[in-house]
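What follows is a set of notes on a single structure, which appears directly below.
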Amino acid sequence: MNGMSPIVQTVARFVKVFILLYGIYLTLTGHLTPGGGFAGGVVIASLYILLTLAYGKKFSLKYFPRKLAGSLDSVGALIFLVVAVLGFYFGGIFFANFLQKNYPGAEFSLLSAGTIPINNIAICIKVASSLFLVFIIMAVARIIDKKDGSKDYKQDQEKE
Amino acid sequence: MGIELIMIIILIFILLGAIIAVEIKDLLSAVISIGVVGFGISIAFLFLQAPDLAIVQIAVETVLLVLLIRATIRRDIKSTHSHINWAGLICVVVLCLGLIGFGYFALQELEFGKPAITRLEEAPSNHYLKQGLTQTGSANIVTSVILDYRAYDTLGEASVLFTAIIGALAILRGIARKKKGGK
Amino acid sequence: MLRRILVFIFAFITWYLITWPYDFYSGTFDLQITIAGAVVSLMAALILGEVFTSTRHKHNIFYRLFWGIIYIPILFYYIILANLDVLYRIIHPKRPINPGIVKVKTELKNTTARTVLANSITLTPGTLTVDIKDTGILYVHCINLQETDIKHATEKVVLRFEKILKKVFE
Amino acid sequence: MIFPLCFALFVVGLYCALTKRNVIKIVIGLAIMEYAVNLFLVLLGYKKGITLADAQAPIIEPVTNLDDFFMKAVDPLPQALVLTSIVIGLGVTALAIAICIRLYQRYGTFDISEMRRLKG
């Protein structure tokens, strides 16, 4: 998949900062305002999809390789699980909100609600990297028409 | 202008989009019509006081449209004109009509605008609404339900998403590996 | 380096606008959100560095800003003019349209300037930018094609915006 | 009137998934059914007041009166469940689209009856 025209590239170059900030804003303030990890993750994934569509797959694979996406997917799930197990240790039950129980922050401030912002960030990382992984795996899969009418399937490999 | 009128207008709009998406021949047009359904649902969520859902729905719909267009573009635009399986069609229509009749009687009991939390005092949602801010410290009750009271659901969701993504990767990656090994 | 600092300032202002940590009624200032904004803006500047292109400008910043503000009413004027023109063509019983694609050439070098030019052409009803090449050739779809020659078409479609955009972006 | 219309949306999706022979159309039908179920669950949790502004999203702001909030706020539980359901739906649809692409590669068509014939 090659890039699109210079108009799209220029507009994407200006818009990408706004999209990243909006995604992070949704994630970080998910416990105060509408939003949360799911919404922020999907917005950040769509930022990477926009960059892939505008600049071509080589550009986005250079900055965000497939292996890194797979690792981040696991890292998000691991953070979530580690927080859950820590709740088991400190609070007595799985997924206990031990930070809120022991060190409650001021209400309506960013550092409140204990483990909820950490879980939000973990889910954001997980959703963003999984959706980007699905998109990139579909973008690099290509079907070639052979001469005898059958179809061939090819997966573009990134350079190591 | 009441909420019923707004919802009926939005739902008729969504239904028109869905019927066009189902009945149109061209695949790309069908995919674009499914976008009408998704964005309409997003507006409906906004009117139903669910802003979290509206944000997620609008982002998910955009990603879904990109994926669907990626799958359909430049492929199989031609429509096939083989014979119609009349017996199967009649069975499906009878099934759908039966389902509509069933739904007509089942949905008569439900009343719009009176959720279970107004009838049952000890419903869990009442507890969440009353105690959510003091117990979890989260001002957004939906987030506190997702990540604190019902975090098991989110764990299950994460594993389902993980499985779906692994499945998609395995399906799209398979054949290259097989050909390399020699057939 | 200068570009990254610019992106940082830009992102920080945007963060401030969407979160608004200062409350006018109670006069409290939310320090946590401000610190988070600084961290997030630093991240954005490090990840997405190359937002602004670094080109040497001929004119100083105030001259460019002045012409940039002047450009907006002129664009609106042309949009209204083109609206009336398209309206005339629609309600005329004979419908005097002659659609087609014409090739025009721009002398602007900057990609941002080219983007603004292409979007201005698209915003004016009746003309639509279809594609743009690296050599500065634009393919424009017109509702009423009068000139097929590249030179005359350039004078008709591009030149009215290009005069001002040259002052803004060079 | 609202619940039957939502149910009709579900039936349209079911009809599409059962009768169409194009694989992408079947995926579209499944997506429509999923939308209908999500919308139905959120409709069940809506609390109606006298005016449109009486219903409130389940989000507390510093200026909110808590007793008032408890009277007005809509049910948060269906919203939380639907929120996970939407993202799962995207993952499942992506899986279905991947299967469609591989079917196209194997048989050269999206038509399901063609595939059956080619296989036999």
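So residue D:45 passes all but one of these: (1) crowded, with 16+ Cβ neighbours inside 10 Å; (2) more than 7 Å from chain B (Cβ to nearest Cβ); (3) of a type in the set (Gly, Ala, Ser). Which condition number does it fail? With respect to (1) crowded, with 16+ Cβ neighbours inside 10 Å; (2) more than 7 Å from chain B (Cβ to nearest Cβ); (3) of a type in the set (Gly, Ala, Ser), residue D:45 is out only on (2). Looking only at residues of region A:85-116 that are in contact (Cβ under 8 Å) with a residue 40 or more places away in the chain and at the interface with chain B (Cβ under 9 Å from one of its Cβ atoms), we find that the one that is surrounded by the most Cβ atoms within 10 Å (Cβ to Cβ) is A:113. Consider region B:80-109 and keep the residues that are surrounded by 11 or more Cβ atoms within 10 Å (Cβ to Cβ) and not in a helix (DSSP H, G or I). The one that is modelled with the highest pLDDT is B:85.
Taking region A:28-45 as the range and being assigned to a helix (DSSP H, G or I) and either facing another protein chain (nearest Cβ under 7 Å) or open to solvent by less than 10 Å² (accessible area, probe 1.4 Å) (or both) as the test, the residues that pass are A:28, A:37, A:38, A:39, A:40, A:41, A:42, A:43, A:45.
Taking region C:1-60 as the range and being modelled with pLDDT of 75 or more and among the basic types (Lys, Arg) as the test, the residues that pass are C:3, C:4.
As a summary of the residue check, residue D:31 satisfies the conditions (1) under 30 Å from residue B:28 (Cα atoms); (2) modelled with pLDDT under 85 except for the one numbered (2). Restricting the first member to region B:31-55 and to residues that are open to solvent by less than 10 Å² (accessible area, probe 1.4 Å), and the second to residues that are not in a helix (DSSP H, G or I), the beta-carbon pairs closer than 6 Å and six or more apart or on different chains are B:48/D:46; B:52/A:34. Would it be correct to say that residue B:114 is open to solvent by 80 Å² or more (accessible area, probe 1.4 Å), outside any helix (DSSP H, G or I) and at pLDDT below 80? Judged against the criteria, residue B:114 is a match. When B:41, B:19, B:34 are checked against the criterion of being more than 30 Å from residue A:23 (Cα to Cα), facing chain D (nearest Cβ under 7 Å), assigned to a helix (DSSP H, G or I) and among the β-branched types (Val, Ile, Thr), a single residue qualifies: B:19.
Within region D:1-15, identify whether any single residue is modelled with pLDDT under 80 and either more than 7 Å from chain B (Cβ to nearest Cβ) or part of a loop (DSSP other than H, G, I, E, B) (or both), and answer yes or no. Among the residues of region D:1-15, at least one is modelled with pLDDT under 80 and either more than 7 Å from chain B (Cβ to nearest Cβ) or part of a loop (DSSP other than H, G, I, E, B) (or both), which makes the answer yes. For the structure I just gave you, tell me whether residue D:82 is open to solvent by less than 50 Å² (accessible area, probe 1.4 Å) and facing chain B (nearest Cβ under 7 Å). When the stated conditions are applied, residue D:82 passes them.
Count, please, the residues in region C:135-170 that happen to be over 22 Å from the mean Cα position of the chain (by Cα) and more than 15 Å from residue C:123 (Cβ to Cβ).
9
State all residues of region D:13-25 that are open to solvent by less than 40 Å² (accessible area, probe 1.4 Å) and in contact (Cβ under 8 Å) with a residue 12 or more places away in the chain; if no residue qualifies, say none. Hits for region D:13-25 are D:13, D:14, D:16, D:17, D:22, D:23, D:24. Taken over region B:49-64, residues that are among the acidic types (Asp, Glu) and more than 7 Å from every other protein chain (Cβ to nearest Cβ) amount to 1. Quick one: would you say residue B:162 is more than 8 Å from chain D (Cβ to nearest Cβ), over 22 Å from residue A:42 (Cβ atoms) and not hydroxyl-bearing (Ser, Thr, Tyr)? Judged against the criteria, residue B:162 is not a match. Could you list, in sequence order, the residues of region C:95-122 that are closer than 21 Å to residue C:147 by Cα and free of Cβ contacts under 8 Å to residues at least 24 places away in the same chain? The answer is C:95, C:118, C:122.
Do we have any residue at all in region D:91-106 that's at the interface with another protein chain (Cβ under 7 Å from one of its Cβ atoms), open to solvent by less than 20 Å² (accessible area, probe 1.4 Å), touching a residue at least 60 places away in the same chain (Cβ under 8 Å) and not β-branched (Val, Ile, Thr)?
The answer is yes, given that some residue of region D:91-106 is at the interface with another protein chain (Cβ under 7 Å from one of its Cβ atoms), open to solvent by less than 20 Å² (accessible area, probe 1.4 Å), touching a residue at least 60 places away in the same chain (Cβ under 8 Å) and not β-branched (Val, Ile, Thr).
The values are calculated or read from the model by the stated rules, or taken from the named source; none is laboratory data. Note that the structure is predicted; figures quoted are calculated from it, not measured. Cβ sites come from the backbone with ideal geometry, for glycine too, and all protein chains shown count toward neighbours. Please note that ligands, DNA and RNA were not included when accessible areas were found on the heavy atoms of the full protein model with its side chains. Shrake-Rupley method; radii C 1.70, N 1.55, O 1.52, S 1.80 Å.
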